[in-house]
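Structure record follows, encoded as structure tokens.
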Amino acid sequence: MNLIQTFTNGEQGLFKPNSLTPMQKLTLRFVVIGLIYYGVVVIEGMLMRLFEVTPSIALGVEPKQFFAIMTAHPLVGIFGSTYSIVFGAFLFLVPFLMKKPLWSIKLGNWTLWLITIGTFVFWFAGFVSHYSPLYTLYWPLPADFSQFSVLGGTFFIVGIALVMVGTAFFVINIFKTIIYTPDGWEKQPGGALIKSALGLTGLTNLFSKKKKEHLVSLPVAAIARGTVDTAFNAAVILFTGVLILVYMVAELFGVSLKHSAIDALLYKNWFWWGLDLIADGLVLIFVAGTWYLLATLITGKKLFMENWARAALFIEMVVSWTVWSHHLMSDQAQPGILKILSGEMVTAFELITQGLAFFITLATLWSARPLKMSHPLKFLLGGLLGFALAVPAGIMQADLGLNRILHNTQWIVGPHVHVAVLIGLTMTLYSAIYFLLPILTNGAKLYSEKLASFHFWAHLLGGIGMGAFMGMAGLKGMLRRTIYFNGEYNSYMILAALSGSLLLLAFLAFFYNIVMSVGLNGVIGIFMPSKLKTTDLLPAEK
Amino acid sequence: MIDSNVVLTGQTIAYTLYVLAIMALMGWFAYKVTRDGSGKEIKPAIFYSFVGFLVVIGVSLHIVTHETIPWKPMDLNRAEIKADKEFHITMENHEFRLPSSKLIIKKNEIVRFNVESKDLTYGFGLFRRDNTMAFQMQVIPGHINDILWQFDRPEVYSIRSTEYSGPKGINMIVRDVVEVVD
């Protein structure tokens, strides 16, 4: 096949979108949307990197637009990209691992389109109106109409709300899938299934001589526990959005509500409690569960220390509910006891829970030597390295002494946030995508092994390099949410931009490789209705 | 009191060594996992030792910093500590309102900065002439935001808002306004 034919029909014409089940199409749609939004995030990130070097070279970006990009960038990354890929994968994996159909494919499609449209709405509202209170929304900034357009802000919050409604539908679908009884099946023990999924069975097994059988597999348990945090997070963000909308609607009707009606510190505690359920909750739990799943799939072996892994997931869930105060260590009005217990001590537990997941995954891989260094394995090792770098960086900044000189510097967002997200989380997701690609596409072949290897090295070196140079600037006092007009940190920012450009090249190589694997017709075919009328995950074998 | 630059140097060395070690470990693991092995599982004793190691590291980090970083216990007990000097600073409309055009501090004096916001959430940080940070705190409207600091050497500092308060806040810097003298 020549290049044009491959671009049109995919590598060797192996991908046939007409052979896909509705479930395969749903999952692939989530992945395509997630990757497109990831591309948006990478381009936005590069624009900000250029702006950080010299504002004048960032393709005409003005300070107001810079902050609007800074507001949209993490939200598009988490909701538009990561949520799409993760939700798509889990809506497939939970029924796949439980060997029963998804509770509702229709609701899954609602989740997809609500997240897709919601992300576009808040991104576009920010792009047009420059609404830029950042994702932290510190009160009363989101309702400061002397700086921001009320209408732009209203659309922005509505976009976020749409994403949260889609998220709520995902939560319902996951838990219903775990407990429901499909037509023609024997009645499923819903209560016992939910206890097993939430880890209560595993926890009692640790202290009981009579061990109960686990009714759900470990990856399903991890997904269920992360989904609990997803639900709480959606509730907090929705409530906060409604609160801000009240101020916006009142302003639109000519009534300016008093900002002091809301206590800024209480609001900050409330919002960080919810927001941290993403950063320190569902991300860590989902990632640990994905590591376990990938390790067992790659090796074909049982997970090392499975009961400990289950217990650690349960502890991580409780930790995620009580850890938020490490974001308020520089808030002097925050009670000292909360700073020490929640901020320092509970946060230190993340070193333990994530360290256990790291060890258990490596030990499982080790037991199956020799392994072939496949793309899923190398990306999995990259993901493990990412969290091994980023979690200790986070533990250090969650210390009362060190936080005093690190808070809001580039250290926080470089070695901790970007290394965790880009290397830890994203490389884990890439591992899953490379592993699931042949399953979800009924045997499509990867266009180029070399491009996949380039993708790995460019992403790994670009991500670690960018995090490192941002961290070095942070240690020299560079703040994370301001603009330096006099080139104070140019040497670090040029190196970070070069590293960032490696990330962009890595993504372009990956995207090109995937498009050439399935072909343009294949990508379009994914969004066409399935011709197979089945709730089965995979087509029946001929 | 020990300078914050010294603490950051220590952190840089410790974290760099850790990064090099963990990258070397992962490189070694990636190499070895593709080579022939016995297929034996790792002994649980190694796992339990690792758990114990993580617990010790997690807890001892905060104990060590409490004993070695002087502003940490000072911050936790600041309500009981009497300051040698106190400055009351107000922030409003993206501007600092200082009690005088220069804030002069004698070396080794314990100083309390009491910062009040009249509208938005801001930050308050002192920065040296080479742009490195001495310390910072958040400034929340409707709450007391105070910090104690002891300066151990003559130096000139700028005050800068360390928290984003909208695009209007990007110029919230008062240069060379704090002076520590012998």
Matching helices (runs of 4 or more DSSP H) fully within the stretch A:438-542 where at least 3 residues are closer than 30 Å to residue B:6 by Cα: A:449-475, A:490-518
Hey, can you tell me all the residues within the stretch A:473-485 that are more than 8 Å from chain B (Cβ to nearest Cβ) and either of a type outside the set (Lys, Arg) or farther than 29 Å from residue B:168 by Cβ (or both)? A:473, A:474, A:484, A:485
I'd like to check something: does the stretch A:149-157 contain any residue that is closer than 16 Å to residue A:237 by Cβ, within 22 Å of the chain's Cα centre (by Cα) and not aliphatic (A, V, I, L, M)? yes
Tell me, which residue of the stretch A:106-115 that is surrounded by fewer than 21 Cβ atoms within 10 Å (Cβ to Cβ) and under 22 Å from the mean Cα position of the chain (by Cα) is farthest from residue A:65 (Cα to Cα)? A:107
Checked A:360, A:412, A:395 against criteria (under 23 Å from the mean Cα position of the chain (by Cα), more than 10 Å from every other protein chain (Cβ to nearest Cβ) and not hydroxyl-bearing (Ser, Thr, Tyr)); the one match is A:412
Where in the stretch B:133-178 are there strands (runs of 3 or more DSSP E), lying wholly inside it, with at least 3 residues that are of a type in the set (A, V, I, L, M)? B:133-139
Filter result for residue A:468 (within 30 Å of residue A:5 (Cβ to Cβ) and touching a residue at least 12 places away in the same chain (Cβ under 8 Å)): no
So residue A:387 clears everything in (1) on the phi < 0 side of the Ramachandran plot; (2) more than 8 Å from every other protein chain (Cβ to nearest Cβ); (3) out of contact with any Gly (no Cβ under 6 Å at 6 or more places or on another chain) except one condition, right? Which one? (3)
Got a number for residues in the stretch A:134-161 being under 14 Å from residue A:262 (Cβ atoms) and assigned to a loop (DSSP other than H, G, I, E, B)? 5
Search result, residues across the stretch A:429-462 that are closer than 15 Å to residue A:380 by Cβ, in contact with a Leu (Cβ under 7 Å, 6 or more places away or on another chain) and within 14 Å of chain B (Cβ to nearest Cβ): A:431
Sole miss for residue B:116 among (1) over 17 Å from residue B:173 (Cβ atoms); (2) more than 14 Å from chain A (Cβ to nearest Cβ); (3) under 22 Å from the mean Cα position of the chain (by Cα); (4) not basic (Lys, Arg) is condition (2)
Does residue B:53 fit the bill of being more than 7 Å from chain A (Cβ to nearest Cβ), closer than 30 Å to residue A:377 by Cα and among the aromatic types (Phe, Trp, Tyr)? yes
Out of the stretch B:113-132, which residues are β-branched (Val, Ile, Thr) and either assigned to a strand (DSSP E or B) or crowded, with 21+ Cβ neighbours inside 10 Å (or both)? B:115, B:121
Subset of the stretch A:398-409 (residues that are touching a residue at least 24 places away in the same chain (Cβ under 8 Å), of a type in the set (A, V, I, L, M, F, W, C) and facing chain B (nearest Cβ under 7 Å)): A:400
Look at residue B:110 and say whether it is aliphatic (A, V, I, L, M), surrounded by fewer than 16 Cβ atoms within 10 Å (Cβ to Cβ) and away from every other protein chain (no Cβ under 14 Å). no
I'd like to know if the stretch A:274-297 contains one or more residues that are crowded, with 18+ Cβ neighbours inside 10 Å, within 14 Å of another protein chain (Cβ to nearest Cβ), part of a helix (DSSP H, G or I) and charged (D, E, K, R). no
From A:206, A:218, grab the single residue that is over 30 Å from residue A:75 (Cα atoms) and either in contact with an Asp or Glu (Cβ under 8 Å, 6 or more places away or on another chain) or hydrophobic (A, V, I, L, M, F, W, C) (or both). A:206
Here the qualifying pairs (Cβ atoms under 8 Å; residues six or more apart or on different chains; first in the stretch A:329-344 and part of a helix (DSSP H, G or I); second of a type in the set (Asp, Glu)) come out as A:344/A:399
Out of all the residues in the stretch A:234-263, which are over 30 Å from residue A:115 (Cβ atoms) and surrounded by 14 or more Cβ atoms within 10 Å (Cβ to Cβ)? A:257, A:259, A:263
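Just so you know, all these numbers are worked out from the coordinates, no wet-lab data involved. Worth saying up front: this structure is predicted, and the values here are computed from it rather than measured. Note: ideal-geometry Cβ built from the backbone for every residue, glycine included; neighbour counts use all protein chains shown.
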